[in-house]
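The values are calculated or read from the model by the stated rules, or taken from the named source; none is laboratory data. Just so it is clear, the model here is predicted, and its values are computed rather than measured. Note that we place each Cβ from the backbone using ideal geometry, even for glycine, and neighbour counts take in every protein chain shown. For accessibility, only protein heavy atoms count, side chains too; no ligands or nucleic acids. Shrake-Rupley method; radii C 1.70, N 1.55, O 1.52, S 1.80 Å.
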Amino acid sequence: MTVILLRHGRSTSNTAHTLAGRSEGVDLDDKGRAQAEGVVARIGELPVKAIVRSPLLRCQNTVAPLAAALGIEPRVDDRLTEVDYGGWTGRKIAELVKEPLWPVIQQQPSAAVFPDGEGLAQVQSRAVAAVREI
């Protein structure tokens with residue numbers, strides 16, 4: 001079995017230079033919607049058996065064109081959701097790069113735990129478990 005991991009298209013948070021995390025209502029921007037449409041041409045001919053996505057709106061709207069083209073109803077798996085950035089959620093990236101945790105994230109991500117959030121090692125563990133189970 002082949003698994004394709006697809007990141008969501010460009011979001012309104014990306015263009016605002018903020019860390020969206022699990023923030024509600026963060027959607028794709030115009031470029032992100034075009035990227036989502038482009039997925040159909042890139043992988044629409046492959047023998048896709050299932051589409052499993054994060055519960056986030058930007059992820060829903062990224063897979064929607066492919067799901068429609070293939071006639072597949074995407075499943076939602078909460079274990080595939082974004083990192084819980086805790087106190088970093090919604091903050092500007094320009095602010096976050098000044099935080100003492102930033103170099104850890106860049107140099108040894110598995111050691112990073114976000115204030116009032118989760119660690120990247122936890123994210124890896126839950127996501128890998130989900131993919132293996134699926």
Notebook entry, point to check: Would a scan of the range 68-80 turn up a residue that is surrounded by 14 or more Cβ atoms within 10 Å (Cβ to Cβ), at pLDDT 95 or above, in contact with a helix residue (DSSP H, G or I) (Cβ under 7 Å, 6 or more places away or on another chain) and closer than 24 Å to residue 15 by Cα?
Noted result: yes
Item checked: Within the range 1-24, tally of residues that are open to solvent by 70 Å² or more (accessible area, probe 1.4 Å) and within 17 Å of the chain's Cα centre (by Cα) -> 9
Check: In the set 126, 132, which member is closer than 17 Å to residue 22 by Cα and either of a type in the set (D, E, K, R) or touching a Gly at 6+ places or on another chain (Cβ under 8 Å) (or both)?
Finding: 126
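Residues of the range 114-134 being part of a helix (DSSP H, G or I) and open to solvent by 70 Å² or more (accessible area, probe 1.4 Å), which ones?
122, 124, 125, 132, 133
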Check: residue 33: touching a helix residue (DSSP H, G or I) at 6+ places or on another chain (Cβ under 9 Å) and either under 23 Å from residue 134 (Cα atoms) or among the hydroxyl-bearing types (Ser, Thr, Tyr) (or both), yes or no?
Finding: no
Check: part of a loop (DSSP other than H, G, I, E, B) and open to solvent by 30 Å² or more (accessible area, probe 1.4 Å): does that describe residue 48?
Finding: yes
Item checked: Failed condition for residue 65, given (1) open to solvent by less than 50 Å² (accessible area, probe 1.4 Å); (2) touching a residue at least 60 places away in the same chain (Cβ under 8 Å) -> (2)
Checklist line | Odd one out for residue 42 among (1) closer than 26 Å to residue 16 by Cβ; (2) of a type outside the set (S, T, N, Q); (3) open to solvent by 30 Å² or more (accessible area, probe 1.4 Å) | finding: (1)
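Quick check on the range 25-33. Is at least one of its residues part of a helix (DSSP H, G or I), open to solvent by 90 Å² or more (accessible area, probe 1.4 Å) and free of Cβ contacts under 8 Å to residues at least 24 places away in the same chain?
In the first step, residues of the range 25-33 are kept if they are part of a helix (DSSP H, G or I); the result is 30-33.
From the residues that got through so far, the ones that are open to solvent by 90 Å² or more (accessible area, probe 1.4 Å) too are 30-31, 33.
Those still in the list that are free of Cβ contacts under 8 Å to residues at least 24 places away in the same chain too: 30-31.
For the range 25-33, residues part of a helix (DSSP H, G or I), open to solvent by 90 Å² or more (accessible area, probe 1.4 Å) and free of Cβ contacts under 8 Å to residues at least 24 places away in the same chain: present.
Consider the range 67-113. How many of its residues are on the phi > 0 side of the Ramachandran plot and not in a helix (DSSP H, G or I)? Walk me through how you get there before you give the answer.
Going through the range 67-113, the residues on the phi > 0 side of the Ramachandran plot turn out to be 71, 86, 90.
Now drop any that are not not in a helix (DSSP H, G or I), which leaves 71, 90.
Going through the range 67-113 one residue at a time, the tally reaches 2.
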Checklist line | Which listed residue is touching a strand residue (DSSP E or B) at 6+ places or on another chain (Cβ under 6 Å), modelled with pLDDT of 95 or more and either in a loop (DSSP other than H, G, I, E, B) or of a type outside the set (Ser, Thr, Tyr) (or both), from 14, 61 | finding: 61
Note to self: Take residue 57 and tell me if it is within 21 Å of residue 133 (Cβ to Cβ), crowded, with 16+ Cβ neighbours inside 10 Å and not β-branched (Val, Ile, Thr).
What the structure shows: no
